[in-house]
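Please treat every number below as a calculation from the coordinates, not as lab data. Note that the structure is predicted; figures quoted are calculated from it, not measured. Quick reminder, even Gly has a Cβ in these numbers, built from the backbone with ideal geometry, and neighbours come from all protein chains shown.
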């Protein structure tokens, strides 16, 4: 029996643009619109847009919203003092594994929004309800299926957005991980590409107009393929590939997202990750010979074996790059071997990211 895939409000626009559509987490999503490489370079050098309406907005409201989120998330939402600010966090299980990674937006003490990954959304929402009920938090949890989401990314992204939506122009002066609210529309200085830009959450019936207006000023539609190479160059984790419920934040290179400074704040998974440090670390790899690294390839090091979690050919650098979970003691600049089709191919360990603001990071 074939699975009926969910469709975003922009599905017809993708078909009209000639997208190659694929199943992504149960959603019928564009992989590319002809050339994944051209889409990648458009974002690095100019501007591109991604339909990310498959990601789920979840509104948290009620008098105990802040307390609930301080317990639910590994990062501390008390860092958010000004409405419109946001932060990135992992949501952990009691064993310290990552249930999902997400962005939390602060609108008011009794009004917040979490944006979670598409494939995890249903499980995430069930988990939030379980945590709220277990501690009797006075909160309401509402999945916002009525919202669409569009990411506009690249060095010219803000300029083109200002051209079609001059009323949103203040976003250009906002800091990263800040958002402005215009009625039911939220424009946030966030993204998943390593470039400047915004992610816009807005009523689903308005997203087609925004898409068409962006097309009219030359913004290139981009699919999942370019999104993946862009995020990998930027050293950003993909849930389900670089991390999952058996991975701790430290193993995913996300220790910086865990806030333990407040000794009085308990959060789900705190005891597990502070009392027992699981082995492994996340670092980058550059292949020194021909070939392409892919997920699950073995990394041979002097400290033991590691594993590639994500790998690709970098359109910006022209070499194969990867993210890998490596044994403790492996350091940047170490020489390692990647097992590709039964052969050991030399590679160099490097810190993340590989690319920042369109330029290669010197390693």
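At a Förster distance of 45 Å, what's the computed FRET efficiency of residue 334 paired with residue 135, Cβ-Cβ distance as r, to 0.05? Could you put the intermediate results ahead of the total?
Values: r = 45 Å, r/R0 = 0.99.
According to the calculation, E is roughly 0.50.
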request  = Return the tail of the calculated pair distribution for the chain, meaning the percent of Cα-Cα pairs more than 34 Å apart.
outcome  = 27 percent
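Among 136, 310, which comes first, second and so on when ranked by fewest other beta-carbon atoms within 10 Å?
Numbers: 136 8, 310 22.
Ordered from fewest to most neighbouring Cβ atoms within 10 Å, 136, 310 come out as 136, 310.
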query = Given a cut-off of under 8 Å on Cα pairs at least six residues apart, what relative contact order in percent is computed for the chain?
reply = 18 percent
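Shape verdict for region 124-249, please, from the Cα gyration tensor: rounded (a/c under 1.5), prolate (a/b greater than b/c) or oblate. All intermediate terms of the calculation are to be shown ahead of the outcome.
Numbers: a/c = 2.09, a/b = 1.38, b/c = 1.52.
Oblate, since a/c reaches 1.5 and b/c is not below a/b.
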inquiry  = Given 37 °C and 0.692 mPa s, compute D for region 1-115 with the Stokes-Einstein relation, Rh being the Kirkwood radius over Cα pairs; round to the nearest whole µm²/s.
reply    = 195 µm²/s
request  = Mind giving me the nanometre distance, one decimal, between the label points for residue 78 and residue 263, set 7 Å out from Cα along Cα→Cβ?
outcome  = 1.3 nm
query = Separation between the residue 61 and residue 173 pseudo-spin-labels, each 7 Å from Cα along Cα→Cβ, expressed in nm?
reply = 3.0 nm
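Round to the nearest 0.05 the FRET efficiency obtained for residue 241 and residue 302 when R0 = 30 Å and r is the Cβ-Cβ distance. Present the calculation step by step, with values, prior to reporting the outcome.
On the way: r = 26 Å, r/R0 = 0.87.
Once rounded, the FRET efficiency stands at 0.70.
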request  = May I have the extent of the alpha carbons of region 199-269 along their three principal axes, as whole Å values ordered from largest to smallest?
outcome  = 52, 27, 19
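Between residue 255 and residue 277, what length comes free when the chain is fully extended (0.36 nm per residue of separation minus the Cα-Cα distance, one decimal in nm)? Before the final figure, lay out the partial values.
Values: separation 22, 0.36 × 22 = 7.92 nm, distance 1.12 nm.
Gain on extension, residue 255 to residue 277, equals 6.8 nm.
Where does each of 147, 215, 21 land when they are ranked from fewest to most other beta-carbon atoms within 10 angstrom?
Working: 147 24, 215 14, 21 17.
Going from sparsest to densest Cβ surroundings: 215, 21, 147.
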remark   = At the level of C-alpha centres, the distance separating region 285-360 and region 3-45, in angstrom, is 28 Å
request  = Choose one answer from 327, 155, 166: the residue with the largest mean-square fluctuation in a GNM of the chain with alpha-carbon springs under 10 Å.
outcome  = 166
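Give me the number: length gained by fully extending residue 205 to residue 111, i.e. 0.36 nm times residue separation minus the C-alpha to C-alpha distance, one decimal in nm.
31.5 nm
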request  = Multiply the residue gap between residue 38 and residue 146 by 0.36 nm, knock off their C-alpha separation, and tell me the result in nm, one decimal place.
outcome  = 35.7 nm
task = Can you tell me the relative contact order of region 279-360? Whole percent, Cα pairs under 8 Å, sequence separation 6 or more.
result = 36 percent
ask   = Where the eigenvalues come from the Cα gyration tensor of region 279-360, what are the semi-axes √(5λ) of the equivalent ellipsoid, largest first, in whole Å?
value = 19, 15, 10
request  = Give the residues of region 47-82 whose amide nitrogen is closer than 20 Å to a point set 7 Å from the Cα of residue 5 in the direction of its Cβ.
outcome  = 49-56
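If neighbour count is taken as other Cβ atoms inside 10 Å, put 303, 227, 85, 290 in order from fewest to most. Don't jump to the answer; show the numbers that get you there.
Working: 303 14, 227 26, 85 18, 290 9.
Ordered from fewest to most neighbouring Cβ atoms within 10 Å, 303, 227, 85, 290 come out as 290, 303, 85, 227.
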